[in-house]
Amino acid sequence: MKSAVIVFPGSNCDRDLADAIAKVTGHAPAMIWHRETMLPANLDFIGVPGGFSYGDYLRSGAMAARSPVMQAVIKAAGEGRAVLGICNGFQVLTEAGLLPGALMRNAGLNFVCRQVRLDVANSQSVFTSLYAMGETITIPVAHHDGNYTADAATLDRLEGEGRVAFRYAEPVNGSARDIAGILSEDGNVLGMMPHPERLIEAEQGGTDGRRLFEAAMLALA
Amino acid sequence: MAARMIVNVTVTLKNGVLDPQGRAIAAALKGLGFDGVADARVGKLIVLDVAEGTSRETIEYMAKQLLANTVIENFRIEMP
């Protein structure tokens with residue numbers, strides 16, 4: 001699986017994500033700085049990492065979504081390449097228009113940093129095929145702006161089309177319909193607030209994140 | 001230097017979009033004894049220094065492209 005991880009000023013989960021990809025697939029991703037206008041040829045998988053890109057100026061993900069490299073990511077997504085946005089990466093993907101809706105300040109106003117239980121709501125995507133439908137997994141979250149918001153018609157469409165990938169199985173941030181992660185219409189773009197890259201090996205306290213990368217490798221290798 | 005003008009773009013959350021920050025501010029004001037406060041909404045004021053003669057359409061385009069996320073926010077433009 002040929003992969004890349006995008007790095008913005010203020011990204012801070014880029015190395016964790018690169019590590020997870022390298023450990024699971026055996027191949028280290030290319031690290032792509034935000035000023036690049038082109039991505040390596042024939043990429044299978046693009047990771048948009050967590051962090052506080054551009055210091056969360058204006059809105060979380062707003063500046064990063066308009067950075068030069070994102071035009072290349074949008075093009076790659078349009079070509080059907082797999083794009084995974086985690087946490088700030090999810091915010092960037094919504095701001096870039098690759099995923100619908102927006103991520104607002106957590107309803108409780110607190111930064112939430114803990115393990116949360118998630119229900120798998122789609123087990124057929126490139127990213128989720130190794131999870132069972134309805135399975136409950138545990139993945140950490142660490143965010144201030146994870147409160148997913150969209151109009152009712154968009155939420156109905158996401159649910160009707162099976163595009164909700166993960167739901168919170170416990171109260172976390174006030175997200176509409178407990179949405180923790182969503183897929184694009186074609187299913188090749190996943191945005192999620194929880195951090196699967198942080199639970200790859202037993203030493204990290206669990207391995208529930210690992211299957212997401214294994215599924216991508218199976219589908220894309 | 002060519003003539004400049006100042007344009008104010010006010011970005012606010014759409015009605016119906018929960019504003020937890022605003023709610024906390026309203027609660028704090030009530031805590032200070034301002035009983036008449038029913039609600040507060042938090043927005044942003046973006047002050048643009050642009051070339052004189054920049055059209056309203058251009059400013060609107062800026063607002064839609066970047067300054068506001070129209071999924072959750074409205075914007076209002078004040079020009080000289």
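Is there a residue in region A:112-120 that is in a loop (DSSP other than H, G, I, E, B) and either within 14 Å of another protein chain (Cβ to nearest Cβ) or under 28 Å from A:Leu220 (Cβ atoms) (or both)? No. Here B:Asn69 meets the list (1) assigned to a loop (DSSP other than H, G, I, E, B); (2) more than 9 Å from chain A (Cβ to nearest Cβ); (3) free of Cβ contacts under 8 Å to residues at least 24 places away in the same chain almost entirely, failing just condition (2). For region A:91-114, the criterion of being more than 21 Å from B:Ile72 (Cα to Cα), surrounded by 16 or more Cβ atoms within 10 Å (Cβ to Cβ) and not aromatic (Phe, Trp, Tyr) is met by at least one residue. For region B:1-47, the tally of residues that are over 20 Å from A:Arg105 (Cβ atoms) and within 13 Å of chain A (Cβ to nearest Cβ) stands at 1. Against the test of being under 23 Å from A:Met217 (Cα atoms), among the basic types (Lys, Arg) and either within 14 Å of chain B (Cβ to nearest Cβ) or in contact with a Leu (Cβ under 9 Å, 6 or more places away or on another chain) (or both), the options A:Arg66, A:Arg81 yield a single qualifying residue, A:Arg81.
Working only within region A:185-221, note down all residues that are closer than 15 Å to A:Leu93 by Cα and outside any loop (DSSP other than H, G, I, E, B). Talk me through it step by step, then tell me what you get.
Just the residues of region A:185-221 that are closer than 15 Å to A:Leu93 by Cα, to begin with: A:185-194.
Selection gives A:Val189, A:Leu190, A:Gly191, A:Met192.
Could we say that A:Ala41 is among the small types (Gly, Ala, Ser) and touching a helix residue (DSSP H, G or I) at 6+ places or on another chain (Cβ under 9 Å) here?
Numbers: among the small types (Gly, Ala, Ser): yes; touching a helix residue (DSSP H, G or I) at 6+ places or on another chain (Cβ under 9 Å): no.
Taking the combined requirement at face value, the residue does not satisfy it.
Evaluation of A:Asp151 against the conditions (1) over 22 Å from A:Phe52 (Cβ atoms); (2) touching an Asp or Glu at 6+ places or on another chain (Cβ under 6 Å); (3) among the charged types (D, E, K, R) shows that the sole unmet condition is (2). In region A:121-144, the residue that is farthest from the other protein chains (Cβ to nearest Cβ) out of those that are in a loop (DSSP other than H, G, I, E, B) and either within 14 Å of the chain's Cα centre (by Cα) or among the polar types (S, T, N, Q) (or both) is A:Ser129.
Being crowded, with 18+ Cβ neighbours inside 10 Å and within 27 Å of A:Arg211 (Cβ to Cβ) is the filter here; which residues of region A:23-43 pass it? Selection gives A:Val24, A:Thr25, A:Pro29, A:Ile32, A:Leu39, A:Leu43.
For the condition at pLDDT 95 or above, buried (at least 22 other Cβ atoms within 10 Å of the Cβ) and outside any strand (DSSP E or B), A:Ala20 qualifies.
Quick one: count up the residues across region A:192-207 that are in contact (Cβ under 8 Å) with a residue 60 or more places away in the chain and of a type in the set (Val, Ile, Thr). It would help to see each step written out before you state the result.
First, pick out the residues of region A:192-207 that are in contact (Cβ under 8 Å) with a residue 60 or more places away in the chain: A:192-201, A:205-206.
Filter once more, so that each one left must be of a type in the set (Val, Ile, Thr): A:200.
Within region A:192-207, residues that are in contact (Cβ under 8 Å) with a residue 60 or more places away in the chain and of a type in the set (Val, Ile, Thr) number 1.
Within region A:173-199, take every residue that is surrounded by fewer than 24 Cβ atoms within 10 Å (Cβ to Cβ) and aliphatic (A, V, I, L, M) and give me the one that is nearest to A:Ala152 (Cα to Cα). So, considering only residues that are surrounded by fewer than 24 Cβ atoms within 10 Å (Cβ to Cβ) and aliphatic (A, V, I, L, M), the one nearest to A:Ala152 (Cα to Cα) is A:Ala176. Looking at A:Leu99, A:Leu93, which is the one that is closer than 19 Å to A:Phe45 by Cα, part of a loop (DSSP other than H, G, I, E, B), within 14 Å of chain B (Cβ to nearest Cβ) and touching a residue at least 40 places away in the same chain (Cβ under 8 Å)? None of the other options fit; the residue is A:Leu99. For region A:145-180, filtered to residues that are of a type in the set (Val, Ile, Thr), more than 13 Å from every other protein chain (Cβ to nearest Cβ) and part of a strand (DSSP E or B), the residue that is nearest to A:Leu220 (Cα to Cα) is A:Val164.
The values are calculated or read from the model by the stated rules, or taken from the named source; none is laboratory data. Being a predicted model, the structure only gives us computed values, none of them experimental. Methodologically, a virtual Cβ is constructed for each residue, glycine included, from the backbone with ideal geometry; neighbour enumeration extends over all protein chains shown.
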